[in-house]
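S.K.: One structure coming up, written as structure tokens, with questions to follow.
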Amino acid sequence: MTRPPESRIDNGQIVVHANGAAIPAVALGTWQSTDDACARAVGEALRSGYRHIDTAVAYGNEAQVAEGIRASGVARDQFFVTTKVWRDDMARDAVLRSAADSVRRLDSGPVDLLLLHWPNPDVPLADSLAGLVAAKREGLARHIGVSNFTLPLIGEAVRLSEEPLVTNQVEYHPRLDQGRLIRACAAHGLSLTAYSPLGRGALLADPVITAIAEAHGREPAQIVLRWLVQQPGVIAAPKSVTPQRIRNNLAVFDFELGEIEMARISNLARPDGRMINPAFAPAWD
Ligand SMILES: NC(=O)c1ccc[n+]([C@@H]2O[C@H](COP(=O)([O-])OP(=O)(O)OC[C@H]3O[C@@H](n4cnc5c(N)ncnc54)[C@H](OP(=O)(O)O)[C@@H]3O)[C@@H](O)[C@H]2O)c1
């Protein structure tokens with residue numbers, strides 16, 4: 001029987017339990033983190049308590065993520081690594097090859113979570129999922145999931161996958177309502193991972209956010225991240241290469257937002273709130 005994802009406190013952090021995976025609710029994002037800055041950010045994050053790093057083949061930085069992991073000295077069983085297969089590699093064998101290459105570059109054993117980065121209508125979804133399932137069964141990935149999947153695509157992916165999917169990683173922040181997608185994912189046991197959770201920095205000056213931040217004596221980014229991870233089954237992947245911001249973005253487990261504050265932030269959603277919309281994106285819900 002499918003159980004909805006649950007968010008529980010473990011060692012002072014929220015961990016999202018979804019279809020058998022235990023996923024730390026704040027991940028360090030690494031898109032556009034490159035070279036030494038990426039390695040330093042990953043090292044800083046792990047040393048300061050992050051237990052989840054989010055990367056992708058397309059970010060071109062898996063080797064730098066590995067360098068940061070090595071430099072941190074944090075034991076491998078203490079953290080969770082997510083990576084993603086690019087949309088050009090969606091055929092079954094290409095998914096498998098991509099997964100093997102990621103495992104080699106990340107140099108940390110099997111990845112914890114392997115995602116299809118974007119749907120690709122030119123390749124039957126069943127083939128791509130067969131690749132993910134094979135990657136899991138061959139020991140390259142402990143868990144599998146998807147990214148940028150819409151409501152109909154999630155239904156199809158769940159129907160076609162022979163192994164449980166544990167997350168759908170999509171854009172989510174206060175300007176973009178993802179309520180229907182969160183509920184649809186939860187009905188199948190999937191968590192939702194929020195990318196661009198800070199609206200790429202754009203919404204941190206919003207007066208509603210800054211007023212709530214002031215009331216709690218917190219930074220605007222912490223308010224937005226708390227709003228995300230306080231929702232059951234939601235994970236957030238804020239990106240930063242700035243040490244102080246990296247540390248602050250994790251410090252969201254020692255306060256709570258009230259119901260009215262949660263609702264005020266949810267009310268910031270607007271129809272043009274989406275920020276990431278490449279030409280190859282699916283028809284959004
Ligand atoms: N699956 C997908 O298709 C997909 C798409 C987009 C993103 N992602 C993932 O999601 C992650 C995050 O998304 P994102 O990088 O688009 O945007 P984001 O995390 O919403 O915003 C990152 C920006 O906010 C700044 N920032 C971070 N913490 C801050 C703070 N405490 N106060 C003020 N500014 C702060 C960062 O600057 P500095 O770095 O200069 O500190 C950076 O400019 C990515 O890195 C990637 O891992 C996935």
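No lab work stands behind these numbers, since they all come straight from the coordinates. In this text the structure is predicted, and so the values were computed from the model without any measurement. Cβ sites come from the backbone with ideal geometry, for glycine too, and all protein chains shown count toward neighbours.
S.K.: Report the paramagnetic label zone for Leu204: residues of the range 251-275 whose backbone N is under 14 Å from a point 7 Å from Cα along the Cα-to-Cβ axis.
M.R.: Taking a point 7 Å out along Cα→Cβ of Leu204, the residues of the range 251-275 whose backbone N falls under 14 Å are 251.
S.K.: Next question. Quick one: net charge around Thr82, please, counting Lys, Arg +1 and Asp, Glu -1 for every other residue with C-beta under 10 Å from its C-beta. It would help to have the intermediate numbers written out before the result.
M.R.: Details: positive: Lys84; negative: Asp54, Asp112.
That sum, taken over residues with Cβ under 10 Å, equals -1.
S.K.: Working out 0.36 nm times the residue gap between Asp88 and Ala75, then minus their Cα-Cα distance, what length gain in nm do you get to one decimal?
M.R.: Full-extension gain reported as 1.4 nm.
S.K.: Sticking with this one: Assuming R0 = 25 Å, can you tell me the calculated FRET efficiency for the pair Asp122 and Arg183, based on Cβ-Cβ distance, to the nearest 0.05?
M.R.: Working: r = 30 Å, r/R0 = 1.18.
Calculated value: 0.25.
S.K.: If exposed means no more than 14 neighbouring beta carbons inside 10 Å and the site is in a DSSP loop, what's the longest run of the chain without any exposed GluC sites (Glu not before Pro)?
M.R.: Details: sites that count: Glu138, Glu162, Glu256.
With a cap of 14 other Cβ atoms within 10 Å, the longest stretch comes to 1-137.
S.K.: Follow-up question, since we're still on this one. Where the only charges are on Cβ atoms (+1 Lys, Arg; -1 Asp, Glu), what is the dipole of the chain about its Cα centre, to the nearest 20 debye? Please list the in-between numbers first.
M.R.: Details: 29 positive and 32 negative charges, 40 e Å.
So the magnitude is around 200 debye.
S.K.: Also, I was wondering about something else. Do the sum for the chain: with -39,500 (n - 2.57) for every DSSP H run of n ≥ 4, divided by all residues, what is the mean residue ellipticity at 222 nm, to the nearest 500 deg cm²/dmol?
M.R.: Numbers: 10 runs with 107 residues, N = 285.
So the helix-based figure for the chain works out to -11500 deg cm²/dmol.
S.K.: Once the other residues with Cβ under 15 Å from the Cβ of Pro152 are scored (Lys, Arg +1; Asp, Glu -1), what is the net sum?
M.R.: Working: positive: Arg159, Arg180, Arg183; negative: Glu156, Asp285.
Residues close to Pro152 contribute a combined charge of +1.
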